[in-house]
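Scroll down for the structure; my scribbles are underneath it.
The values are calculated or read from the model by the stated rules, or taken from the named source; none is laboratory data. Keep in mind the model is a prediction, meaning the values are calculated, not measured. A quick note on method: Cβ atoms are made from the backbone with ideal geometry, for glycine too, and the neighbour counts reach across all protein chains shown. Please note that ligands, DNA and RNA were not included when accessible areas were found on the heavy atoms of the full protein model with its side chains. Shrake-Rupley method; radii C 1.70, N 1.55, O 1.52, S 1.80 Å.
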Amino acid sequence: MKKAFLLLADGTLFEGQAVGHEGRSIAEIVFNTGMAGYQEVLTDPSYYGQTVCMTYPMIGNYGINFDDYESRKSWVSGFIMREICEHPSNWRCKLTLDEYLKSQKVVGMSGIDTRRLTRILRSSGVMNGILYTEGFEPTPADLEAMHAYVVKDAVKTVTCRENTVYPADGVQKYRIALYDYGVKYNIERELCRRGCEVTVVPGDTAPETVLAGGYDGVMLSNGPGDPAENVDIVEDLKVLRNSGIPIFGICLGHQLMSLAIGAQTTKLKYGHRGVNHPVKDLDEDRTYITSQNHGYAVLGETIDPAIARVRYVNLNDGTVEGVEHIDKPVFTVQYHPEVCPGPMDTSYLFDKFIENIEKSKGGAQ
């Protein structure tokens, strides 16, 4: 088996075994604490430009199936784990993890102390690195590129190029425009099973086009990168918000809508990536366990209280997890209520979105 190496920007070098595609990848190195859901991680566009280290010690034990993809391909730049399972056991398994990584040309690595790597990232913060297999050692130019690397044009890279319509499950009640900033399939699935026809539109679709399309509500999807770089999208969201159409934003959609009302965002030291993040609903005095994947957060003190208010907060670090708008049928959350394999504590938020649509139509079904 060939060797693989991870060189961090601070000079730390890890040596392990090569998994998946042979080659070299420069990216931001992050960690995910989920025990399950590696297939969803690999196909989540929010990981564009990042190499993901899974903290759970064995990854790949139930293989890869053809039903749980969250997008059309894998978006991670690299994949790191303590141990890869070479002989998965699950009735839905179609590929091993190694086979899938090869098919997606994702450079992988196993056999390192992922606890040590995670501690480095937690203490020093997320940093850049080069993941490479034996025979693809980095050149001086690669080292320079690693230190200069930033995730750019993320939404432009991952968004769709044309509209796609998904029919409602059963009787159609409403039509939803879903902005694709890096959308996960399960957002449209949650809407479709609630009687919505969903039209996924490119992230740069003009708000006037959507407002003229006869839609009953607008969803703002998750996605990768620095929200502040999406200047044009933020301006578009101002128009959508002022129109009064019901809007529900998730993750990057939450951040972009917050920027649209004048709030600010900041990059977190090492982000929130996992399926066990406690979030408190300040209105209900209730705590939910949530799935999260983001490196930026909205600064609560920059939200104009005359426009919106913070409703949800992270109990680990106090960061903003959700915003309710005062004068418009708009709400956004930082976490993922659509997530599979779970937890599904907050899937009720899709019902809340439908209720907002019903209210906007005077209670009509």
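General remarks:
- Counted residues, segment 191-225 - those being open to solvent by 50 Å² or more (accessible area, probe 1.4 Å) and either modelled with pLDDT under 95 or acidic (D, E) (or both): 2
- Qualifying positions in segment 266-298 - surrounded by 21 or more Cβ atoms within 10 Å (Cβ to Cβ) and of a type in the set (V, I, T): V275, V279, T290, V298
- Residues that are in contact (Cβ under 8 Å) with a residue 12 or more places away in the chain, of a type in the set (F, W, Y), outside any helix (DSSP H, G or I) and buried (at least 22 other Cβ atoms within 10 Å of the Cβ) are absent from segment 139-155.
- Flag if D113 is modelled with pLDDT of 95 or more and more than 24 Å from G271 (Cα to Cα): no
- Verdict on G262 being surrounded by fewer than 22 Cβ atoms within 10 Å (Cβ to Cβ), touching an Asp or Glu at 6+ places or on another chain (Cβ under 8 Å) and of a type in the set (G, A, S): yes
- All strands (runs of 3 or more DSSP E) inside segment 11-129 with 3 or more residues being touching a Gly at 6+ places or on another chain (Cβ under 6 Å): 13-20, 24-32, 107-110
- Of all residues in segment 191-226, those that are among the acidic types (D, E) and under 20 Å from the mean Cα position of the chain (by Cα) total 2.
- Of all residues in segment 56-85 being of a type in the set (D, E) and modelled with pLDDT of 95 or more, the one that is surrounded by the most Cβ atoms within 10 Å (Cβ to Cβ): E70
- Residues satisfying the stated conditions in segment 1-13, i.e. open to solvent by 10 Å² or more (accessible area, probe 1.4 Å) and closer than 26 Å to K152 by Cβ: F5, L7, A9, D10, G11, T12
- Pairs where the first residue, in segment 87-106, is free of Cβ contacts under 8 Å to residues at least 60 places away in the same chain and closer than 22 Å to W75 by Cβ and the second is open to solvent by 60 Å² or more (accessible area, probe 1.4 Å) and hydrophobic (A, V, I, L, M, F, W, C), C-beta under 6 Å, 6+ apart: K94/F66
- Any hit, segment 274-289, residues being under 23 Å from Y179 (Cα atoms) and in contact (Cβ under 8 Å) with a residue 40 or more places away in the chain: no
- Top-ranked residue of segment 22-37 - restricted to ones that are of a type outside the set (D, E, K, R) and more than 19 Å from V275 (Cα to Cα), ranked as surrounded by the fewest Cβ atoms within 10 Å (Cβ to Cβ): G23
- Residue within segment 38-55 that is over 16 Å from the mean Cα position of the chain (by Cα) and open to solvent by 50 Å² or more (accessible area, probe 1.4 Å) present: no
- Residue, farthest from Q50 (Cα to Cα), within segment 234-249, restricted to residues that are buried (at least 24 other Cβ atoms within 10 Å of the Cβ) and in contact (Cβ under 8 Å) with a residue 60 or more places away in the chain: P246
- Subset tally (residues that are touching a Gly at 6+ places or on another chain (Cβ under 6 Å) and either farther than 16 Å from F331 by Cα or free of Cβ contacts under 8 Å to residues at least 24 places away in the same chain (or both)) for segment 196-232: 2
- Here T96 does not qualify as surrounded by fewer than 24 Cβ atoms within 10 Å (Cβ to Cβ) and closer than 28 Å to M127 by Cα.
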